[in-house]
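Some notes on the structure that comes next.
Here, each number is a calculation from the coordinates, and none is a lab measurement. Predicted model, so just to flag it, every value in this text is computed and none were measured. As a convention, Cβ positions derive from the backbone with ideal geometry for all residues, glycine included, and neighbour counts pool all protein chains shown.
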Amino acid sequence: MAKKLGVYRCASCGYTLEVIELGEKKSTCTGSGYSLSCFIADAKVVCCGKPMEMLEPNKVDASTEKHLPAGIFTEDRKLLVKVGEVAHPMLAEHYIQWIAIVYGDTVQRVKLEPGQAPEAIFSLANDVAELDMYAYCNLHGLWQVTFKT
């Protein structure tokens with residue numbers, strides 16, 4: 001089972017960040033009886049003075065632009081990941097910022113720029129049976145597909 005990719009986004013400036021390790025929420029209590037005080041410990045990530053939102057990846061593409069990543073193997077067992085049935089726009093105002101794959105505890109990411117093709121090539125270990133592919137669109141957020149090798 002692959003780790004979950006934890007990506008936060010600032011609604012004000014668009015800054016994104018990935019959390020390396022997503023911990024479990026923990027209930028903590030102090031005191032006893034009537035003075036018992038409990039709370040749930042959970043990290044709050046802040047940018048521009050406001051909490052950032054953790055993105056839940058979209059898994060169904062219903063828009064005219066297509067965002068779901070699709071993978072195919074090349075002859076030399078590299079994984080080619082392309083975004084969109086028809087290539088996603090790669091304009092300065094609307095583009096795929098990065099593509100990532102996640103398997104086991106491994107995350108590989110390729111940063112893209114406007115004008116590039118919305119695709120990336122990844123090398124895999126031979127024993128990978130399943131992985132998650134992610135694409136991040138600067139306008140439409142995070143997209144994910146599970147791929148069985």
Debye, to nearest 20: dipole size of segment 69-148, +1 on Lys, Arg Cβ, -1 on Asp, Glu Cβ: 40 debye
Per-residue ³J(HN,Hα) for segment 30-35, Karplus 6.51 cos²θ - 1.76 cosθ + 1.60, θ = phi - 60°, Hz, x for Gly and Pro: 10, x, 8, x, 6, 9
Residue exposure sequence - Thr16, Thr28 - by fewest surrounding Cβ within 10 Å: Thr28, Thr16
Over segment 46-97: Rg over Rh, Cα atoms, Kirkwood Rh: 1.11
Sorted by Cβ neighbour density within 10 Å, fewest at the top, the residues Val81, Val86: Val86, Val81
Computed Kirkwood radius, in angstrom, where 1/r is averaged over Cα pairs of segment 69-148: 12.8 Å
The chain, Cα convex hull volume normalised per residue, Å³: 146 Å³
